[in-house]
Structures are given as structure tokens and as C-alpha cells.
Amino acid sequence: MRIDIVTLFPEMFAGPFDASIVARARASGAVEVALHDPRAYTTDRHHVVDDYAYGGGPGMVMKPEPLFDCVDAVQAMDQPPGRVVLLTPQGRMLTHAVVRELAAEPRLVVICGHYEGVDERVRSALADDEISIGDYVLSGGEPAAIVLVDAAVRHQPGVLGSQASLEEESHAQGLLEYPQYTRPAEYRGLAVPEVLLSGDHAAVARWRRRQSIERTAARRPDLLARAALTAAERWLLAAAAGASREVSLAEVTVTTPDLERSVMFYAAILGDAGDRLSADRHEFRLQPLVLAIIRSKPERPPAVEADADDERMTFAVDDARAAQVRVRAAGALWVERRVHRRAGARSFFARDPDGNVLCFAEEEPP
Ligand code: 6GU
């Protein structure tokens, strides 16, 4: 891949690009990096690259002409034209996924912003992409360009010793990397975990996976939501956090094409007017549960014919016989004729005006 960097300070790149993996990648031809100074593309006697902001305000703004002319000249140096990336704290965040995307380009032209910013026309008419390396402000885009080149170079074929290192690293699976140890097996009283010395490759893999997940949960819970975890791994994490005991049902919804009819029915049953939250939503707060009645889209088919084995809502009542009278009076479509004794408690079934099956049950005697 070829990376052209447009910078007012090419000298800032001397060290970082001449050591370690980036230097090796350049030497092997896996990546070609070239530096271009927009000051060389100015046409005035003083080679001015910045100017005051229209409308006033502190700080200088990078002028558009040297950047446009520089990028045009750089694009003409080679084929294909590169994707033009403006480095700015206003860009999209450079993440593992964004690095992979940029590293897959045959060519990038990277513009390092400076001063208080660059003329908006550079952003709107010259740059194809805007990238930031974090939520803080650098005095210029150069350190960000060094970061971007380093991260992109690792993805070029042949640059890392093995493809496996790339796949095992932090963030590759959306997780942080597991802890690494090398010899000695004990140092200053600190022992290497037994499993790593066991020679049991499957056990090592399980331990590493678990460490990755636990470490990510502890340090970067924000990453977990998008990490590729199995259902079992998610369940274990939730259980470890005590979540399974803290989760309770918060809301039951009934959808209906006739909101008013449904609200009147439930208001009569519950002896509570409820609250109209919006034109299409009415709520009954049942502590801790909310029963939400929601107007369904007209194109939705009406509630299907159902029997008592269907999903149903169960209401707790003090007296099943008294509740049966109220449910009938509220306008239920159908109410069971007899109150049954099921599992020691008295109960009966009914259907609301949309055909939903409801169960009314006395609390089981203690
Ligand atoms: Cl890409 N440039 C500047 N100037 N500041 C930054 C940045 C870039 N990313 C984070 N802060």
C-alpha cells in the first residue's frame, strides 16, 4: 500500500518511521510512505499557509489553496488516486474496524490539520474521510498520522511474523487480549498461572478466552456489547455480575387497533384510569410492572384466535368470583363460565376485546 502524508512538519516523522515494524515494512516494500509539504505548493513570496478566520476569533486557519494544490499534485504522482483522509479531532474515531478498512485501501493521502483548523472547503470538497484518534486535542495531525500508519502497516500481508498475531491481538475479536507470560516461571515470588505450564492446549485456550472476557468486562464494558460472545459466555458474565437475580419483568404490552376500547376494558378491570402517554400509548402502572396499551398499525392483522394454552397475561385478584363479575362487566369478549380450582388457587380465563387470553387467579394461600 502507498501512504502519502501532507504535512507542514515532515521532520516530525523521521524517528517513528525509521524504527521497528514500520521501518521493516517500508524496507520490504509492504508499504511505501511519502511526505509532502503544502508550503512547497504556495505561490506567494512568503509561502503563507494560514490566515485569519473570517468572522473573527482566535487562532489561524489553514488556507485551502496550498492543500488542494498539494493533494492534486500528490494524486498525479501515482495510480490509483488515494482515498483522502483529513486528520481532525472532529473525525470518526480510529477503531480496529476503521484501521482494517483504511489498511485495505491500495493508497491513502493523509492530510495533517493544524492551527485552529483547516478551511471548511478542504473538509467538504477535498477530503473523502475524516479521522480522529481520540477525544482530546493535539496541536496537529502529525502524531495521529504516525498512529494511523503504524496501525495500518500491521495489516499489510507479510509485515507481522504470523497472521495469527494479528487475529489474537487486543480488539481483533472485540475483546482485550489475555495476559501474557514468558520465562522465568516464577519471578520475585510471582508465579505464572499453572495452566500455561500444563501443556494442555485446550485448557490454555479456555483460560485465555475467559481472561479476555473477564478483562474486557472489568476494563472496557463498552466493548462487550459488540463482542462476539456465545450465549453461554454472555450468560456466565451476567450471572457473575449478579444480573440474573436483579432482572425482573418490567412491562407487558397489549397491542390493539382500537386503543379506546382496550383502555376502557383494562381501566374497568384494574379500577384505575391509567395515564395517556401519547396518542398511541396508554399505561397502567401496576408496581413494579407497567401494562402498556399500544395502538397497532392498521395494516397489522388483528389478534389471532387463541386458546388457553397461548401466551397469556395473569392477573392476581383477591376474589376470583368478584373479579369474574367485573371482567364480564368490563366488556370481555368471552369469560369462562366457572371459576376453577387449579393448583390450589381459584382462577378463570377471559379474553380482552382484541381476543388476548387473560387469566385471573387468586394468590395461592400461604
Ligand atoms: Cl487527528 N488531530 C488533532 N489535531 N487532534 C486530535 C486528533 C487529530 N485526534 C484526536 N485529537
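Would region 47-131 count as rounded, prolate or oblate if I go by the C-alpha gyration tensor, calling it rounded below 1.5 in a/c and otherwise prolate when a/b exceeds b/c, oblate otherwise? Oblate.
Could you tell me what percent of the accessible area of region 173-241 is made up of carbon and sulfur, with a 1.4 Å probe and every protein chain present?
Values: 2830 of 5140 Å².
Result for region 173-241: 55 percent of the exposed heavy-atom area is carbon or sulfur.
When +1 charges are put on Lys and Arg Cβ atoms and -1 charges on Asp and Glu Cβ atoms, the dipole computed for region 173-241 relative to its Cα centre reaches about 160 debye.
For the chain, the Cβ-based charge dipole about the Cα centre amounts to some 1300 debye (Lys, Arg positive; Asp, Glu negative; other atoms uncharged).
What are the equivalent ellipsoid semi-axes of the chain, built from the alpha-carbon gyration tensor (square roots of five times its eigenvalues), in whole angstrom, biggest first?
Values: eigenvalues 804, 219, 58 Å².
Values for the chain, descending: 63, 33, 17 Å.
When the charge dipole of region 2-153 is built from unit charges on Cβ atoms (+1 for Lys and Arg, -1 for Asp and Glu) and taken about the Cα centre, the candidate among V33, C112, G134 whose Cα reaches farthest toward its positive end is V33. Each peptide in 61-72, 119-130 gets a packing score, the mean of other Cβ atoms within 10 Å over its residues, and the list from highest to lowest is 61-72, 119-130.
Taking the dipole about the Cα centre of the chain, with the C-beta of Lys and Arg at +1 and of Asp and Glu at -1, give me whichever of V22, A152, L333 is farthest to the positive side. Result: L333. Approximating the spin labels as points 7 Å out from Cα along Cα→Cβ, the S28-to-A125 distance works out to 4.2 nm.
Express in whole angstrom the spacing between the alpha-carbon centres of region 73-94 and region 1-53. So the two Cα centres are separated by 12 Å. Per-residue Karplus couplings for region 45-55, computed as 6.51 cos²θ - 1.76 cosθ + 1.60 with θ equal to phi - 60°, are listed in order as 5, 9, 6, 7, 10, 9, 7, 5, 7, 4, x Hz, Gly and Pro entered as x. To the nearest 10 degrees, how steep is helix 320-330 against the longest Cα principal axis of the chain, on a 0 to 90 scale? The answer is roughly 70 degrees. Solvent-accessible surface of region 173-241, averaged per residue with a 1.4 angstrom probe and all protein chains in place: 74 square angstrom.
Compared with the dominant Cα axis of the chain, that is its longest principal axis, helix 201-219 is turned about 90°.
The values are calculated or read from the model by the stated rules, or taken from the named source; none is laboratory data. No experiment lies behind these values; they were computed from the predicted model shown. Glycine also receives a Cβ, built like all others from the backbone with ideal geometry; neighbour counts cover every protein chain displayed. Each accessible area value is taken on the protein alone, full model and side chains, heavy atoms only, with ligands, DNA and RNA left out. Shrake-Rupley method; radii C 1.70, N 1.55, O 1.52, S 1.80 Å.
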